[in-house]
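Below is one structure, written out as structure tokens, with a few remarks after it.
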Amino acid sequence: MSAGGQAFATPSQVVFLEQDGSPGVAWRAEVTAAWLQVEPERGTAPSRIAVGIRGASVPVAAGTQTSDVVIRIGSGPGATVRVVHVTLNVLGRNSQPPFGFFDVPAGNITLTNEPVRLFGWALDDIAATDVEVCRDCTPEEIPGPGCSDTSKALMGHAIFIDGARPDVVAAFPATPRNTFSSWSFPIDPADIPRSRGPLAIYAIAHDVDGHATLLGTRTVTVDAVARTQGRWPRRYLAMLVATVVVLLAFHALIGLCCLRRKGRTALSSGDAASRVSRFEWLAVTTVMTVFLLFNGFRLGGGLRYDELYTASRFVIGVPLWKAAASIGVFNNHIAYSLLAGLSVRLLGSAEWAVRLPALLLGAATVFMLWRLARMLFDGPTALGAAALLAVSPFFAEWSRSARGYTGLAVMTLISTHAFLLLARSGSRRAAAVHTGSTVLAIYFHLYGAWLLVVQYACYAVLVLRARWSTGRTSGIGDRGMRQMWVGFPLIGFLALLLYVPVILPLIHVALARGRAPLVAAFPWDVYRAMLGEPAWPLAAGAGAVALVGLARLWRQRLAFACVILLLTVPMGTMWLLVRPADLYPRFFVFAAPLLLSLIAGGVFAAFTRVRTRRSVAATVAVLVPATAVAVVLLARWLGADLSYAPDPGYREALRRPVDDRAAAFAIGGDSEMFRYYLGPQMAVLYFAADLDARLREFPRVVVAYHNMSWNSQYDREMLSLLRRRCRADDRGAVTMFRCD
């Protein structure tokens, strides 16, 4: 430290009493000089001990003194004694500026795709406190604070790493904090402006008493060509373009061969054309209201993994344009991220505000199922289907989740309803609704593309059948045929246009994720998930009832084909042929309303037979088992809904165990998303040296470790360091460490 005038001292240095064997062993520290202090003086292992100077007791005369800190661990005969030797060097009035070097990289830097780390070392006769990394300003920039020069822009502050430079320790054995001399700083290509050519960067060391020293400079160039070369699998993009060209050629062939063919239509529409009674309006409004109230009060649970990933990366504090242009392991349901972004801007960033769009889309799905089932069956069946969907635990779960599944579900129903209406009437309004809803279904979730595949397959088969089979009904009116011929390529173009900002990352992620082995029971798992995980006899009974409902659609061939293909083709193709690494029942939530409409159709089939005066025996044979299955399912679902408790998610796991004066950090897989709960000041650490530096720098530290299967060796090294030095609290996938 310096003597006379204003005094500057080396900051307290940290000694770690690490855990070895059973934690909780008591210790106490003793000092042998009045100018030496230890905080704390006693505790239990693991602990951090700050060894520093007691300012009022420092000798005024310049010179060197030594003393010891004696640490007694345990008690009785088995007690252990450790001694920390301390040297105090009192300087004169004038201290020296810091010194050091900018070591790595040795020459100028060319950035391509990956960040580059800068390394060097810095020491001072009292203490080097900071290394600023600066760069030249571009003409349009206004320099901020730091860098001691109006022509430079601050890029950031390097971190000091303990024990990384034994050569510096050997060269300067008497210099304070010589083991803590190594510094490191990462440069990301995104940090370098593209508006001009190479930039100079500077490493500037600062010491505790205000001196600054330039450690070195480098020239940085961003190689824009190298950044793009080899980054994306262009051959797969070429295959995508070729596929689109072939499909357009096939579509043009259909137009040339078939658009001038006038065919008869064979469409019926249930009760779609009948007037809706006041009672029916009141009933469906009541069902929607109960659904909203029952689930609305349950939006406040902690965010789960995918929700937290969505909220932190694509919603909270993220510009809308960035949410639309970002993708991460298929976790960005872009349309939902945009809606949630608007919601939090209006209502705040609480969990319920992030989830509110999903609930509103879920209520819209209940309403649209009523409309579609009314077109396919009749009024009572439609109300029954809406009621079943409103109490379905599977659907309710995703109506309370900040994801885009209910958006996909409602757009699937709107698109299917508009497609069938367009086939019958050919109205421009139906065509516009069909185009818009199908595009939005794809924008909510990529599995919405199956709508386009299934509907186009139905359209192409029926049109070709009408062209080549004389006297057959086409299933599509002449006007509807022309509207669809324009509508389908327009849907593909608009969907592709919306995904242009993320198309290359999507291809890259899809190829990188790989394929999964075939799981034979997957279709059965999806089916049972949609029914709330019932036992197999009840699931089989519900399937039989659904088949009865499907039989009611037989005369509506186009509707029959659409429903059965939407229930089977997407799941069958993904399960048998594509087999992506990520394949879950929730991806097929859009099919759940259709399945429930068939179950309702099967239950109300008996009442239809009564209305048409069919045989009593046949009526009873259908009514009794179908009603029994429906009642048991309904009872199970109501019980599950009434006993539902909000999932605590990550909120409880990330509850900070100390006050807000603690520095918060996170490590492990996708730990960046923990900022939602730990606050914007939370920093993510990637290396054990960085963690060690933070543990020495801050008196109180909270670290959240995210235990994921893809954690790296560096994550595990940090976990090992934390387990030795801090107290752990395991909370599911998150372990919270308190270090104070």
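The table below lists the values:
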{"item": "Among 686, 669, 736 - extreme Cα towards positive end, dipole of region 652-739, charges at beta-carbon", "result": "736"}
{"item": "Size of charge dipole - region 652-739 - debye, nearest 20, with Cβ of Lys, Arg +1 and Asp, Glu -1, no other charges", "result": "340 debye"}
{"item": "Residue exposure sequence - 604, 102, 297, 367 - by fewest surrounding Cβ within 10 Å", "result": "297, 367, 102, 604"}
{"item": "Per-residue HN-Hα couplings for region 720-726 [Karplus 6.51, -1.76, 1.60; θ = phi - 60°; Hz; x = Gly/Pro]", "result": "4, 5, 5, 5, 7, 9, 10"}
{"item": "Cα-projected label distance for residue 34 with residue 511, points at 7 Å along beta-carbon direction, nm", "result": "7.5 nm"}
{"item": "Full-stretch length increase - residue 42, residue 347 - with 0.36 nm per residue and alpha-carbon distance subtracted", "result": "105.0 nm"}
{"item": "Exposure proxy ranking, count of Cβ atoms within 10 Å, fewest first, for 502, 290, 526", "result": "290, 502, 526"}
{"item": "Efficiency of FRET from Cβ geometry, residue 644 and residue 281, R₀ 22 Å, rounded to 0.05", "result": "0.15"}
{"item": "Estimated FRET transfer efficiency when R0 is 41 angstrom, pair residue 325-residue 214 (beta carbons, to 0.05)", "result": "0.60"}
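Quick note: the coordinates plus some simple rules give every number you see, no bench work behind them. Everything numeric here is computed off the predicted structure, so don't read it as measured data. A quick note on method: Cβ atoms are made from the backbone with ideal geometry, for glycine too, and the neighbour counts reach across all protein chains shown.
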